[in-house]
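One structure below.
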Amino acid sequence: QVQLVESGGGLVQPGGSLRLSCAASGFTITNYAMSWYRQAPGKERELVARITTAGGSSTHYANSMKGRFTISRDNAKNTVYLQMNSLKPEDTAVYYCNAVGVRSWNRANDYWGQGTQVTVSS
């Protein structure tokens, strides 16, 4: 059974840090592009960061997250992380983990987690 389980969300003060985890089961993340998205109330879901294994490991960040957020993966644990530093109130959202297949045999696969709430407030 395919699952993505996010954890690590919570309430943090502005300027604080959180580390989100996304534990995958039922598939191997090395065959997938792994991403974090977020959705704030009344707004569309947006890409936060993506990590792929093409030629090693490459990362991509939304402009507003560059320098503050870091995406990483632990292939042995089949887990992806999002380290979030210097958090701002506008970072408040539900954060979702996503996996999209990058091989010829799994490109139709697109998996989502249930989301974890991050609230940045004093």
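Quick one: how many residues across region 85-110 are under 15 Å from A33 (Cβ atoms) and of a type in the set (G, A, S)?
Counting residues in region 85-110 that are under 15 Å from A33 (Cβ atoms) and of a type in the set (G, A, S) gives 4.
Of all the residues that make up region 85-108, how many are part of a loop (DSSP other than H, G, I, E, B) and modelled with pLDDT of 95 or more? Full working, then the answer.
The initial filter retains those residues of region 85-108 that are part of a loop (DSSP other than H, G, I, E, B), namely 85-88, 92, 102-108.
Keeping just the survivors that are modelled with pLDDT of 95 or more gives 85-88, 92.
Number satisfying all stated conditions: 5.
What number goes with the only condition from (1) in contact with a helix residue (DSSP H, G or I) (Cβ under 9 Å, 6 or more places away or on another chain); (2) free of Cβ contacts under 8 Å to residues at least 60 places away in the same chain; (3) of a type in the set (S, T, N, Q); (4) open to solvent by less than 50 Å² (accessible area, probe 1.4 Å) that S25 does not pass?
(1)
I need the full set of residues from region 34-44 which are open to solvent by 10 Å² or more (accessible area, probe 1.4 Å) and assigned to a strand (DSSP E or B), in order please.
Y37, R38, Q39
Residues to consider are L47, L82, L87; find the one that is surrounded by 12 or more Cβ atoms within 10 Å (Cβ to Cβ) and touching a Pro at 6+ places or on another chain (Cβ under 7 Å).
Details: L47 fails: touching a Pro at 6+ places or on another chain (Cβ under 7 Å); L82 fails: touching a Pro at 6+ places or on another chain (Cβ under 7 Å).
After applying the criteria, what remains is L87.
Kindly check whether there is at least one residue in region 72-84 that is over 12 Å from the mean Cα position of the chain (by Cα) and not in a loop (DSSP other than H, G, I, E, B). Can you show your working first?
First, pick out the residues of region 72-84 that are over 12 Å from the mean Cα position of the chain (by Cα): 74-78.
Of the ones still in play, those that are also not in a loop (DSSP other than H, G, I, E, B) are 74.
Within region 72-84, one or more residues are over 12 Å from the mean Cα position of the chain (by Cα) and not in a loop (DSSP other than H, G, I, E, B).
Scan region 1-32 residue by residue and report those that are aliphatic (A, V, I, L, M) and at pLDDT below 95. It would help to see each step written out before you state the result.
Going residue by residue through region 1-32, those that are aliphatic (A, V, I, L, M) are 2, 4-5, 11-12, 18, 20, 23-24, 29.
The one that is aliphatic (A, V, I, L, M) and at pLDDT below 95: I29.
The values are calculated or read from the model by the stated rules, or taken from the named source; none is laboratory data. As the structure is a prediction and not an experimental result, all values here were calculated from the model. Here the Cβ is made from the backbone with ideal geometry for all residues, glycine too, and neighbour counts use every protein chain on show. For the accessible areas, the whole protein counts, side chains as well, though only heavy atoms, and no ligand, DNA or RNA atoms are used. Shrake-Rupley method; radii C 1.70, N 1.55, O 1.52, S 1.80 Å.
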